[in-house]
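The values are calculated or read from the model by the stated rules, or taken from the named source; none is laboratory data. A quick note: this is a predicted structure, and the numbers were derived from the prediction, not measured. Don't worry about glycine lacking a Cβ; one is built from the backbone with ideal geometry, like all the others, and counts go over all protein chains shown.
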Amino acid sequence: MGWRARVAHALFKPLDWQRWLKHSLPVLFLISFLTVLLVNSFTPAIAQLPRQEIRGVWMTNNDFDTLKDRAKVQDAVKKLRQLNFNTIYPVVWNSGYVMYPSAVAKRAGIQPFVLRGSDGHDILADLINKAHRQNLLAIPWFEFGFMAPPTSELALNHPNWFTQKRDGSQTSISAAGEVMWLNPFHPQVQQFISSLVLEIVSQYDVDGIQFDDHMSLPHEFGYDQYTVALYTQEMKKNPPTNPQDPEWVSWRADKITQFMVQLNEIVKARKPQAIFSVSPNYYNFAYKFQLQDWLSWLRQGIVDELIVQVYRPNLQSFIDKITRPEMQEAQQIIPTGVGIMAGLRNNPAPMKQIRSQVRAAQERGLGVAFFYYSSLWNYAPEPVAERQATLQTFFPSPLFRARAELGAGD
């Protein structure tokens with residue numbers, strides 16, 4: 001009975017809180033310190049996740065009035081920064097011409113003039129410099145890919161570089177009008193495009209390079225003499241008369257993929273951390289009708305950023321395209337976004353349409369890029385102030401894609 005009483009007394013005697021705190025305070029302090037340290041150690045990783053969100057805009061030839069003027073470029077990048085954009089895609093290849101002083105183009109005899117700024121300056125260098133000062137990435141964009149007008153020096157001086165349809169015709173109608181198509185399988189064409197890409201990555205402090213839906217070939221093309229001979233040599237038979245024959249489509253698409261792998265190697269050899277960006281159409285259309293197997297590019301690990309162009313006014317159709325399985329697959333491994341039409345000069349897009357599409361993309365964890373800068377608020381049915389106020393709601397707080405993380409300038 002005696003030992004039980006002593007145990008009960010020890011268990012239930014009043015606690016000396018002052019003494020307990022005195023002895024426990026150092027332990028509590030240590031626990032608190034370690035907790036803060038551990039939490040803070042995870043903070044950078046958590047914070048870096050949304051850094052990859054694409055908030056971009058393309059600057060096209062239609063924006064040349066802005067691009068050629070240093071003051072207007074300064075105003076543009078400042079405004080984009082205020083609206084919390086983080087990426088600009090300036091055009092560098094359009095209509096068979098480059099938008100910068102190019103020794104490669106000069107050697108090819110396709111540049112009788114150089115598009116310079118209003119005071120004779122290099123517009124690409126100026127834009128990149130001003131964009132970086134505002135913490136915006138600058139990723140030059142090969143808008144025309146393998147496409148060129150039949151009246152361009154490129155087409156006139158190098159007719160053997162272009163492919164044709166089975167009936168011998170060489171042009172198709174695009175959003176840019178009547179165009180011819182460089183033969184993506186021809187070694188001289190591949191060398192020319194590769195040299196332009198290497199020139200830009202080497203000469204300018206770019207954050208990456210982008211190729212869009214025109215880095216492709218309409219499925220009707222590929223019946224030129226060179227390609228027919230190459231196919232016959234490899235496949236031991238003539239190309240099918242049906243341009244949509246699955247084997248014929250696959251063979252040409254695979255050749256384009258091989259070239260894209262080579263381009264990626266060229267870019268990464270010069271600047272390992274540069275973003276290799278692609279902005280194609282949705283996959284089914286891109287592959288079947290443009291021989292652009294970008295899903296294969298993705299799975300081969302050569303794509304660092306994907307922006308799928310979904311230019312359509314109907315919201316349900318828009319949602320159908322951005323929720324496809326390949327979009328979800330891309331989101332798991334690289335920054336993925338949607339190209340949204342901000343309007344054209346002769347076909348302005350209402351802000352209500354733009355807002356609903358941005359909301360649909362963001363609700364699904366996708367970034368956005370707008371085509372194109374001037375139509376964000378200049379070619380619009382609403383007043384400039386109203387457009388800019390709505391744009392501000394899309395990105396309410398800054399979210400930089402820090403250049404240090406990309407290794408730019410390496």
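Among the residues making up region 97-132, those that are among the aliphatic types (A, V, I, L, M) and either surrounded by fewer than 17 Cβ atoms within 10 Å (Cβ to Cβ) or within 22 Å of ASP69 (Cβ to Cβ) (or both) are VAL98, MET99, ALA103, VAL114, LEU115, ILE123, LEU124, ALA125, LEU127, ILE128, ALA131.
Where residues in region 213-270 are among the small types (Gly, Ala, Ser) and closer than 18 Å to ASN160 by Cβ, which of them is surrounded by the most Cβ atoms within 10 Å (Cβ to Cβ)?
Checked region 213-270; the qualifying residue surrounded by the most Cβ atoms within 10 Å (Cβ to Cβ) is GLY222.
Within the span defined as region 364-378, every residue fails to be loosely packed, with under 15 Cβ neighbours inside 10 Å and without any contact (Cβ under 8 Å) to a residue 24 or more places away in the chain.
When the residues of region 183-198 are filtered to those that are in contact with a strand residue (DSSP E or B) (Cβ under 9 Å, 6 or more places away or on another chain) and closer than 21 Å to ILE128 by Cα, the one that is surrounded by the fewest Cβ atoms within 10 Å (Cβ to Cβ) is LEU196. Scanning region 195-239 for residues that are within 20 Å of GLU305 (Cβ to Cβ) and of a type in the set (Asp, Glu), we see that the one that is farthest from the chain's Cα centre (by Cα) is ASP205.
Residues in region 300-320 include at least one that is surrounded by fewer than 21 Cβ atoms within 10 Å (Cβ to Cβ), of a type in the set (Val, Ile, Thr) and outside any loop (DSSP other than H, G, I, E, B).
Of the residues making up region 127-179, just one is more than 27 Å from ALA229 (Cα to Cα), among the hydroxyl-bearing types (Ser, Thr, Tyr) and without any contact (Cβ under 8 Å) to a residue 12 or more places away in the chain, namely THR151. The number of residues in region 191-231 being β-branched (Val, Ile, Thr) and either more than 25 Å from ALA286 (Cα to Cα) or in contact with a Cys (Cβ under 6 Å, 6 or more places away or on another chain) (or both) comes to 3.
For VAL91, the conditions (1) buried (at least 17 other Cβ atoms within 10 Å of the Cβ); (2) under 25 Å from GLN244 (Cα atoms) are fulfilled apart from (2). Among the criteria (1) part of a loop (DSSP other than H, G, I, E, B); (2) in contact with a helix residue (DSSP H, G or I) (Cβ under 6 Å, 6 or more places away or on another chain); (3) of a type in the set (A, V, I, L, M), the one VAL201 does not fulfil is (1).
Does GLN48 meet the test of being modelled with pLDDT of 90 or more, in contact with a helix residue (DSSP H, G or I) (Cβ under 8 Å, 6 or more places away or on another chain) and either exposed (fewer than 15 other Cβ atoms within 10 Å of the Cβ) or not in a loop (DSSP other than H, G, I, E, B) (or both)?
Spelling it out, it is not the case that GLN48 is modelled with pLDDT of 90 or more, in contact with a helix residue (DSSP H, G or I) (Cβ under 8 Å, 6 or more places away or on another chain) and either exposed (fewer than 15 other Cβ atoms within 10 Å of the Cβ) or not in a loop (DSSP other than H, G, I, E, B) (or both).
Every listed requirement among (1) modelled with pLDDT under 95; (2) buried (at least 18 other Cβ atoms within 10 Å of the Cβ) is met by ASN61 save one, (2). For region 227-245, a residue qualifies if it is assigned to a helix (DSSP H, G or I) and in contact (Cβ under 8 Å) with a residue 60 or more places away in the chain, and exactly one does: THR227. Residues of region 133-175 that are surrounded by fewer than 19 Cβ atoms within 10 Å (Cβ to Cβ), outside any helix (DSSP H, G or I) and among the polar types (S, T, N, Q): GLN134, ASN135, THR151, SER152, SER169, GLN170, THR171, SER172, SER174.
Going by the conditions given, is GLU382 touching a helix residue (DSSP H, G or I) at 6+ places or on another chain (Cβ under 9 Å) and modelled with pLDDT of 95 or more? Criteria met by GLU382.
Within region 261-272, does at least one residue satisfy the condition of being under 21 Å from the mean Cα position of the chain (by Cα) and not in a helix (DSSP H, G or I)?
Applying the first criterion (under 21 Å from the mean Cα position of the chain (by Cα)) to region 261-272 yields 261-272.
Now drop any that are not not in a helix (DSSP H, G or I), which leaves 271-272.
Yes, there is a match, as at least one residue in region 261-272 is under 21 Å from the mean Cα position of the chain (by Cα) and not in a helix (DSSP H, G or I).
Would a scan of region 327-347 turn up a residue that is touching a residue at least 24 places away in the same chain (Cβ under 8 Å), out of contact with any His (no Cβ under 6 Å at 6 or more places or on another chain), in a helix (DSSP H, G or I) and within 25 Å of ASN62 (Cα to Cα)? No, there is no match, as no residue in region 327-347 is touching a residue at least 24 places away in the same chain (Cβ under 8 Å), out of contact with any His (no Cβ under 6 Å at 6 or more places or on another chain), in a helix (DSSP H, G or I) and within 25 Å of ASN62 (Cα to Cα).
When we screen VAL206, VAL179 for residues that are in contact with a strand residue (DSSP E or B) (Cβ under 9 Å, 6 or more places away or on another chain), within 28 Å of LEU344 (Cα to Cα), in a strand (DSSP E or B) and at pLDDT 95 or above, the only hit is VAL179.
Tell me, yes or no, whether region 246-253 has at least one residue that is part of a helix (DSSP H, G or I), touching a Pro at 6+ places or on another chain (Cβ under 6 Å), at pLDDT 95 or above and more than 19 Å from PHE142 (Cβ to Cβ).
Yes: region 246-253 contains one or more residues that are part of a helix (DSSP H, G or I), touching a Pro at 6+ places or on another chain (Cβ under 6 Å), at pLDDT 95 or above and more than 19 Å from PHE142 (Cβ to Cβ).
The set of residues from region 49-72 being under 24 Å from ASN94 (Cα atoms) and within 21 Å of the chain's Cα centre (by Cα) comprises ILE54, ARG55, GLY56, VAL57, TRP58, MET59, THR60, ASN61, ASN62, ASP63, PHE64, LEU67.
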